[in-house]
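Contents: one structure, followed by commentary.
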Protein chains: 2
Amino acid sequence: MARPRTFDEERALDAAMRAFWANGYEATSTQDLCEATGLGRSSIYNTFTSKHDLFRRALARYIDLMSVPQAEILEDAGRSGMERIRALFTRIVDTEYEYREDDGTSIGCLTVNTVVELARRDPEAAALIERDLDIRLGLLRVALDAGRRDGTITNRRDADALARFVNATIGGMRVSAQAGADRATLESIADTALDALRP
Amino acid sequence: MARPRTFDEERALDAAMRAFWANGYEATSTQDLCEATGLGRSSIYNTFTSKHDLFRRALARYIDLMSVPQAEILEDAGRSGMERIRALFTRIVDTEYEYREDDGTSIGCLTVNTVVELARRDPEAAALIERDLDIRLGLLRVALDAGRRDGTITNRRDADALARFVNATIGGMRVSAQAGADRATLESIADTALDALRP
DNA sequence: CAAATTTTGTACTGACCTGTCCAATACTTC
DNA sequence: GAAGTATTGGACAGGTCAGTACAAAATTTG
């Protein structure tokens, strides 16, 4: 029927996601996006409509990419509640190191970066993140309730409070990593946070 | 000798700080800075050399402004160690609400915002923040050691680990606030974090 | 009051920004 | 192989960016 694309849309989206993730929304120009994806301007605008739309899709993809394995961990019936939270923290640290820049510096978490840089001015991004937060808190409550039942989590605060605390701890780990904290420090923060769950 | 300035440099710096704080470095144009400070371009460039220099001074001022009362709290010999950490958390929540936008949304913490948006690309800003972090961690260790001695802090991890945990918790609270958490949620996160100090 | 000096407003510069346009290209289907 | 159609590259457009130039204004000192 017509000339087909010579690029893979998903790969391009991944490259754009990575660019926004590492450099932020404002500091990533459309030229940067062309170079990161290997596409020309026409292909980018033809496929993704606008920089803002591309960002929205990149953020949505990031959220999907991260939330699936995290949900698996938090719903893993083979682990105690406490072990699920611990495994989640471990995964946060691992991904934090999996996706660093070549110079070894942390690029943090696109969700956190977007909350801080953009969410106040971008209702669409804020909505994506808010929905993800609701889901994430729900999954955390599942694991925390399981821990309460299996006896590994003895803190008497309600599951919602604990879930928000765990979530905040993850945010704090992300910021600490971007501020230069090494692996041992991040693990130490996580371990200390776990202390709060069995006081 | 010559024509004097009609504006107060410190007030202008405060206004610029506020603009960077609320909108980030990239999204704040020099035009925005003129409007925020009430100065013309000439006055801004004459006084502050460049946008980047102005930002550096604004960040330094922010750090000074915040660290002084926080140091007072953490070194307050009239309080137990645990009470000092609790008071610090309270102060974080209070300032979080003292400096909101007119629409009620949080502008977070300029230090956290800068770590996330800029620090990887701006060594000067990163250095300012790193120095502040060292001081902050030192002050936290002072309070935590005091708590260990007075019996209010019983967690057996070393003071550095606890200090980094408390610091990360503050970062997490800041991110949570920008993601929309209300006062009760922030207080709940802080209270849960305190549980970790006496497990 | 005049000279010296700094501030201030305005216009300007060149670069870069996002997004569009269009012709050339390449592929599919008939 | 021809017709039709979507993709592609590159030039282009209008606006905004940080920063500069310069002359007019304002104030102090002599």
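Odds and ends about this structure:
- Between the range A:166-199 and the range B:40-104, the alpha-carbon centres lie 23 Å apart.
- The share of C-alpha pairs in the range B:1-61 whose separation exceeds 20 Å stands at 16 percent.
- Remark: spin-label model distance A:Ala77-B:His52 equals 5.8 nm, labels positioned 7 Å along the Cα→Cβ axis.
- Accessible surface of the range B:56-197 [probe 1.4 Å, protein heavy atoms]: carbon and sulfur percent: 46
- Equivalent-ellipsoid semi-axes for the range B:39-144 (Cα gyration tensor, √(5λ), whole Å, largest first): 29, 17, 13.
- In a reduced charge model with +1 at each Lys and Arg Cβ and -1 at each Asp and Glu Cβ, the protein assembly as shown shows a dipole moment near 220 debye about its Cα centre.
- Over chain B, the hull volume per residue, using the convex hull of the C-alpha atoms, is 134 Å³.
- Cβ-placed point charges (K, R +1; D, E -1), dipole of the range A:56-197 about Cα centre in debye, nearest 20: 440
- Think of the range A:56-197 as a dipole: +1 on every Lys or Arg Cβ, -1 on every Asp or Glu Cβ, centred on the Cα centre; then among A:Asn167, A:Ile189, A:Ile92, A:Asn167 lies furthest on the positive end.
- A crude spin-label estimate for the pair B:Thr154 and A:Thr95, with each label 7 Å from Cα along the Cβ direction, gives 3.6 nm.
- Radius of gyration over Kirkwood radius for the protein assembly as shown, both on Cα atoms: the Rg/Rh ratio is 1.00.
- Size estimate for the range B:94-166 follows the Kirkwood approach: the inverse of mean 1/r over distinct Cα pairs works out to 14.5 Å.
The values are calculated or read from the model by the stated rules, or taken from the named source; none is laboratory data. Values in this document were obtained by computation on a predicted structure and should not be read as measured data. Counting neighbours? That spans all protein chains shown, and the Cβs are built from the backbone with ideal geometry, glycine included. We work out accessible area using only protein heavy atoms, side chains counted, and drop any ligands, DNA or RNA first. Shrake-Rupley method; radii C 1.70, N 1.55, O 1.52, S 1.80 Å.
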